[in-house]
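FYI, it's all coordinate maths here, none of it is from the lab. As the structure is a computational prediction, the values presented were derived from the model and not from experiment. Heads up, the Cβs are rebuilt from the backbone with ideal geometry, glycines too, and the neighbour counts pull from every protein chain shown.
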Amino acid sequence: MNSFRLKKIILAACCAVTLYAVAAGLKVSDALPDLAGYKLEGALPDAKGKVVLLDFWASWCGPCGESFPVMDELQKKYGPQGFLIIAVNEDENKSDMDDFLKTHKVSFTVVRDAGQKLVDKVDVSVMPSSFLFGGDGRVAFVHSGFHGQESRQALENEIESLLKK
């Protein structure tokens, strides 16, 4: 088997696994879970009627560290228009999250899912994973991973489109 064909097979298998992972958890048109029912550590803001980015992250995740400054800018830019970010940490140790937040100061809401109940329900398989909900409380867009400027531009376009509705 030549290496080009092998690469195509591996790529197809990776895509299938990614599609399965996204399909197994929250998907487009699903409702925002009742976050209060998951005993998250931290204060939850009122998300009713707002465009919400629910982001799952961990302190050990390099791309998560890259995404935080971008999300902070998005929160500051679109927050006054009804946009809200809720970042759900899944670290086992609270001190790992706290240490991360000392070097990644943000203006958006951060909570911790110590029991990993919400993480399990959503079936997060890629870090970071985020779900963008429209004002109707339903998933409009799903993001797996953070890809720098490409992710930033996609999020801006999507947030703006949802805020116009």
Fill in the blank from the handout: For region 60-158, listing chymotrypsin sites (Phe, Trp or Tyr not before Pro) in a DSSP loop whose Cβ sees at most 15 other Cβ atoms within 10 Å gives Trp60
Exercise for the section: Give me the number: length gained by fully extending Gln149 to Lys165, i.e. 0.36 nm times residue separation minus the C-alpha to C-alpha distance, one decimal in nm. Expected result: 3.3 nm
Exercise for the section: Could you calculate the contour length gain from Gln81 to Asp98, that is, 0.36 nm times the residue separation minus the distance between their Cα atoms, to one decimal place in nm? Expected result: 3.2 nm
Practice task
Note down the nm distance, to one decimal, between modelled labels 7 Å out along Cα→Cβ at Trp60 and at Ser29.
Solution key: 3.7 nm
Fill in the blank from the handout: Here, GluC sites (Glu not before Pro) of region 27-117 satisfying both criteria (DSSP loop; at most 12 other Cβ within 10 Å) are Glu92
Practice task
Return the distance in nm (one decimal) between the two label points of a simple spin-label model at Asp46 and Val142, each offset 7 Å from Cα along Cα→Cβ.
Solution key: 3.1 nm
Completion exercise
Here the percent of antiparallel bridges among DSSP beta bridges lying wholly in region 66-165, to the nearest 5, is 55 percent
Practice task
Mind checking which aspartates and glutamates have their Cα closer than 20 Å to the Cα of Lys76? Skip sequence neighbours fewer than 8 apart in that chain.
Solution key: Asp46, Asp55, Glu66, Glu150, Glu156, Glu158, Glu160
Completion exercise
Whole-Hz Karplus couplings 3J(HN,Hα) for region 76-82, θ = phi - 60° and coefficients 6.51, -1.76, 1.60, Gly and Pro as x, run 5, 6, 9, x, x, 9, x
Problem - For region 117-127, 3J(HN,Hα) per residue [Karplus equation, 6.51 cos²θ - 1.76 cosθ + 1.60, θ = phi - 60°, Hz, x = Gly/Pro] - result: 6, 5, 4, 5, 4, 6, 6, 6, 10, 10, 10
Practice task
Provide the three semi-axes, in whole Å and in decreasing order, of the ellipsoid equivalent to region 26-163 as defined by the square roots of 5 times the Cα gyration tensor eigenvalues.
Solution key: 20, 17, 14
Exercise for the section: Compute the relative contact order of the chain as a whole-number percentage, counting only Cα pairs closer than 8 Å that sit 6 or more residues apart in sequence. Expected result: 32 percent
Practice task
Arrange the following residues from fewest to most other Cβ atoms within 10 Å of their Cβ: Thr103, Thr109.
Solution key: Thr103, Thr109
Exercise for the section: Extending each Cα 7 Å along its Cβ direction at Ser125 and Lys39, get the distance between those two points in nm, one decimal. Expected result: 2.8 nm
Problem - Those lysines that a straight Cα-Cα span of less than 21 Å connects to Lys77, excepting residues fewer than 8 apart in one chain - result: Lys48, Lys50, Lys105, Lys164, Lys165
